[in-house]
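Chemist: One structure is given below, represented as structure tokens, and several questions about it will come after.
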Amino acid sequence: MQPSFMEEPPSLLWGLDPVFLSHARLYIKDILELKESNQVPGIFFYKDHPIKQLEILGTVVSVREKDAFYSYGDVHRSTPGANDLDGLVQELRRQESSKAKMEIGDLIRVRGYIKVFRMQREVVASIFYKVDDPTLDMQIMRMLELPYLYKHVYDKPFILPDDMTKQSQEQLNQAVLQRSGLISLLSEKIMNFVKENTIYNFYLPELESVPSLLSAATNPHCSTESDSNISSSSREIRSLFKEAIHILFKRGIVYQKGQSKDVYYVTDHDKELHKLTLNMIKQDCSRQRHAEKGCHFLHILNCVQQDFGSCINEAILQRVINALEQNSDIVSTMEKYYTAF
């Protein structure tokens with residue numbers, strides 16, 4: 001049986017598509033309907049084009065302000081020319097603040113990446129700035145540009161270079177299957193590594209520096225021609241690690257908290273998550289509504305997500321529930337119902 005990601009181009013070929021390397025300019029409707037990749041989280045597809053980054057031109061319709069951040073320094077003695085320098089710095093800050101502050105009705109250009117936060121799709125800005133367009137030149141140009149890009153780029157299929165198309169589909173499928181096997185092996189090695197070393201959380205670059213894991217990712221035992229096509233470049237190694245960790249995420253073995261993109265937490269070793277789940281079950285089971293049958297799994301999930309956020313999925317919670325059961329902290333009263341004494 002072929003893996004599900006055969007429906008989209010293999011990730012090792014994405015770099016051959018210019019759309020992947022650019023900031024795609026799509027209609028908002030299409031951004032909301034993009035399908036997330038089955039291979040790499042955070043990558044989306046418009047038809048068969050991988051989308052990594054976006055550029056949006058739009059009008060501000062609402063503003064939500066948060067507390068400003070301030071930087072404080074020690075008072076220092078004035079020197080000749082210092083007043084002029086301070087004045088220039090203040091002017092630069094004023095101009096920067098003026099450009100960064102957006103008001104309703106302002107036209108802005110945003111470049112960033114797509115992220116799903118609490119079941120809502122949003123674009124996280126890497127850079128944004130106000131656009132002065134009193135004669136609507138920029139907006140008219142954009143309206144004319146998008147249909148052209150769709151017709152000549154986005155709606156056209158992703159075609160492999162001639163030297164790639166000469167390979168038979170069977171060879172390409174074999175390479176993809178072998179890469180899938182490599183990712184599966186790497187995910188198992190990562191799982192064993194964090195378990196044996198009782199690791200509570202980690203950064204992706206930390207795993208990439210572990211010799212045994214790096215050896216598994218570079219696959220030094222390649223012997224066939226198809227295996228040799230798998231690149232061991234740093235970019236490809238990072239991609240392999242990300243896909244391996246994504247497998248662990250779907251199995252509930254690791255997860256990420258809040259807005260953090262860099263830190264991964266190991267579910268089995270997260271005492272805070274286990275304690276919160278247990279206390280929630282104890283508290284709710286003391287109430288009349290749950291006293292007889294206990295708390296249903298989905299009720300527990302909803303309560304935990306209110307504290308930890310939507311990063312906690314069913315697979316993650318199930319591992320926590322299983323661990324609490326093994327420790328006799330909770331018991332199952334019937335299928336999917338749990339109580340604590």
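Chemist: Give me the pairs, please: first residue somewhere in region 284-295 and acidic (Asp, Glu), second residue anywhere and in a helix (DSSP H, G or I), beta-carbon distance under 9 Å, and either six or more positions apart or on two chains.
Modeler: Qualifying pairs under 9 Å: Asp284/His290; Asp284/His299; Asp284/Ile300; Asp284/Cys303.
Chemist: Return the pair list, or none, for Cβ contacts closer than 9 Å from residues in region 180-209 that are closer than 29 Å to Glu8 by Cβ and aromatic (Phe, Trp, Tyr) to residues that are open to solvent by 70 Å² or more (accessible area, probe 1.4 Å) and not in a strand (DSSP E or B), at least 6 apart or on different chains.
Modeler: Filtered contacts from region 180-209: Tyr203/Asp262.
Chemist: Might you let me know whether region 308-327 holds any residue that is over 25 Å from Ile199 (Cβ atoms), open to solvent by 30 Å² or more (accessible area, probe 1.4 Å), among the acidic types (Asp, Glu) and out of contact with any Phe, Trp or Tyr (no Cβ under 7 Å at 6 or more places or on another chain)?
Modeler: No, because not a single residue in region 308-327 is over 25 Å from Ile199 (Cβ atoms), open to solvent by 30 Å² or more (accessible area, probe 1.4 Å), among the acidic types (Asp, Glu) and out of contact with any Phe, Trp or Tyr (no Cβ under 7 Å at 6 or more places or on another chain).
Chemist: Let me ask something else. Condition first: more than 29 Å from the chain's Cα centre (by Cα), open to solvent by 50 Å² or more (accessible area, probe 1.4 Å) and either basic (Lys, Arg) or modelled with pLDDT under 85 (or both). Now tell me which residues in region 127-167 satisfy that.
Modeler: Lys151, Pro161, Asp162, Asp163, Thr165, Lys166, Gln167
Chemist: Separate question: From Asp86, Asp17, grab the single residue that is open to solvent by less than 100 Å² (accessible area, probe 1.4 Å), under 25 Å from the mean Cα position of the chain (by Cα) and at pLDDT 70 or above.
Modeler: Asp17
Chemist: When you scan region 45-55, do you find a residue that is at pLDDT 85 or above, open to solvent by less than 80 Å² (accessible area, probe 1.4 Å) and touching a Lys or Arg at 6+ places or on another chain (Cβ under 6 Å), even just one?
Modeler: yes
Chemist: Can you name every one of the helices (runs of 4 or more DSSP H) wholly within region 245-341 that holds 1 or more residues which are on the phi < 0 side of the Ramachandran plot, modelled with pLDDT of 90 or more and over 30 Å from the mean Cα position of the chain (by Cα)?
Modeler: In region 245-341, 271-285, 314-326 are the helices (runs of 4 or more DSSP H) which contain 1 or more residues that are on the phi < 0 side of the Ramachandran plot, modelled with pLDDT of 90 or more and over 30 Å from the mean Cα position of the chain (by Cα).
The values are calculated or read from the model by the stated rules, or taken from the named source; none is laboratory data. Values in this document were obtained by computation on a predicted structure and should not be read as measured data. Note: ideal-geometry Cβ built from the backbone for every residue, glycine included; neighbour counts use all protein chains shown. These accessible areas exclude ligands, DNA and RNA; they are computed on the full protein's heavy atoms, side chains included. Shrake-Rupley method; radii C 1.70, N 1.55, O 1.52, S 1.80 Å.
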